[in-house]
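Visitor: Could you have a look at this structure, given as structure tokens, before my questions?
The values are calculated or read from the model by the stated rules, or taken from the named source; none is laboratory data. Computed from a predicted model, the values in this text were never measured in an experiment. We place every Cβ from the backbone using ideal geometry, glycine too, and count neighbours over all the protein chains shown. We work out accessible area using only protein heavy atoms, side chains counted, and drop any ligands, DNA or RNA first. Shrake-Rupley method; radii C 1.70, N 1.55, O 1.52, S 1.80 Å.
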Amino acid sequence: MKCNDYELRACRDSVFDHLCDVWEEAKKTSKWAEEIWRKANTLQAVAQYWHTTADAARRQKAIGIMTDGYEFYLKKKTADWWVDDFGWWGGFFGDLSDYTHSFPLAPPFDQANLLAETEYCYARMMKNLDPKQGGIWNHVGDGGEKNTVTNGWMLNLASNLFNWKGGIEYKNVAQAQYKWLTTGKYGNYAPPSWHLYNSKKLLLWLPGLTNASDTYWSGDEGVLLRGLTPYINGIITDPYIKKELLLDSKNLIITAISTPNGFPDTQRVMHASPNPPDWSNDLATGKGVFMRLVARFAYQHNFFTDKAFEETFRSFVETTAESVWCSRNTTTKDIAPNWNPGFGPPREGTLPTSGELWPQVFQTDGLDALNAAVQIRGA
């Protein structure tokens, strides 16, 4: 999709500015005290923007949003939340630690406090470890599940903490997490069969004994790759194994951005899920998560030296980023839930009518896509 006013960095600045406004409006809604993971997801996008913009005034605005979000987290972190919420917050603290090694920030975003908060998130997640069959429960009770997102973030936190401060416990947990995700094995337990991927080689929402449900969402792919970065860089020492893991990761990315088996439509614009086929119920937040985390993975692991990959991936990211801007509401400046209106507007009744936190979610997703395009232009 093309439009006359698209210029990547200026458009990204505009989306960020509007996100700041939307954030303030969201604080006035009845749902603000809920959905703590969405705030961490927004802060991950804001932190990446802060890291890649040279605009001093907007960098300060980004610090303000992150400080505001952190103060919210401090008031809420001891409450009973779903366990993946702490994975998202631990991911934010880890990201900001990476970004501030060369650009230190004052407390509460100094390295010591970022480490302490990451350790807290790790400890909260470890409380839901299944000691018999492995994996981290997202919640325990009726309908409890061990999903890919929760366990992908746990792989990230354990690996990141090992690289950060050492310690055999973190290394052992990271290795156990990777083994459980890929084989289902834990200690002396081994399932009769195991599926991490569906028949198209995309991650299942619920890894396990069957892929009958075949549910898969774009954000899962990004979260697993985010977990694999510190695992590959710090836990894996065998160069052959590292090479194989990176090859598998590259294949996963290519599958995910392929048409028709992956997440983009025939115009190569990203969507959250391959279902329904007309994309009209595209409300999940995963596509922005995918753009942010997968582009970062490819950048960090030098995938752009592979010219075939570079051309395919760059075209996909650039096309999607432009479509995000060109499909926005030009009057309200809001990012649309469906980044490609050429495939039809959302069906009547699929968009929340109350407003609440959805504008923040959509605006964050849009910033993610534009962040990804800025990042690959630097590759």
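Visitor: Of everything in the stretch 23-44, what is part of a loop (DSSP other than H, G, I, E, B) and farther than 17 Å from ASP365 by Cβ? Give them in sequence order.
Guide: Selection gives LYS27, LYS28, THR29, SER30, LYS31, TRP32, ALA33, GLU34.
Visitor: Quick one: in the stretch 221-275, of everything that is part of a helix (DSSP H, G or I) and basic (Lys, Arg), which residue is surrounded by the most Cβ atoms within 10 Å (Cβ to Cβ)?
Guide: ARG226
Visitor: Considering only the stretch 137-163, how many residues are surrounded by 19 or more Cβ atoms within 10 Å (Cβ to Cβ) and either among the β-branched types (Val, Ile, Thr) or closer than 15 Å to CYS121 by Cα (or both)?
Guide: Looking only at that region, the number is 17.
Visitor: Continuing with this model, one more query. Here are LEU202, LEU206: which of them is closer than 16 Å to TRP137 by Cα and at pLDDT below 95?
Guide: Step by step, each of LEU202, LEU206 is checked, and only LEU206 is closer than 16 Å to TRP137 by Cα and at pLDDT below 95.
Condition check ((1) among the acidic types (Asp, Glu); (2) open to solvent by 40 Å² or more (accessible area, probe 1.4 Å); (3) outside any loop (DSSP other than H, G, I, E, B)) across all residues:
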residue	(1), (2), (3)
GLN48	no, no, yes
GLU71	yes, yes, yes
PHE86	no, no, yes
LEU96	no, no, yes
PHE109	no, no, no
CYS121	no, no, yes
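Visitor: Return yes when ARG268 is under 19 Å from ALA321 (Cα atoms), of a type in the set (Lys, Arg) and modelled with pLDDT under 95 and no when it is not.
Guide: yes
Visitor: Further, regarding this structure: Let me confirm something: among ALA116, ALA112, ALA123, ALA106, which residue is among the hydrophobic types (A, V, I, L, M, F, W, C) and over 24 Å from ILE63 (Cα atoms)?
Guide: ALA123
Visitor: To continue, here is another question. Just for the stretch 20-43: of the residues that are farther than 18 Å from LEU293 by Cβ and open to solvent by less than 30 Å² (accessible area, probe 1.4 Å), which one is nearest to the chain's Cα centre (by Cα)?
Guide: Filtering first and then ranking leaves ILE36.
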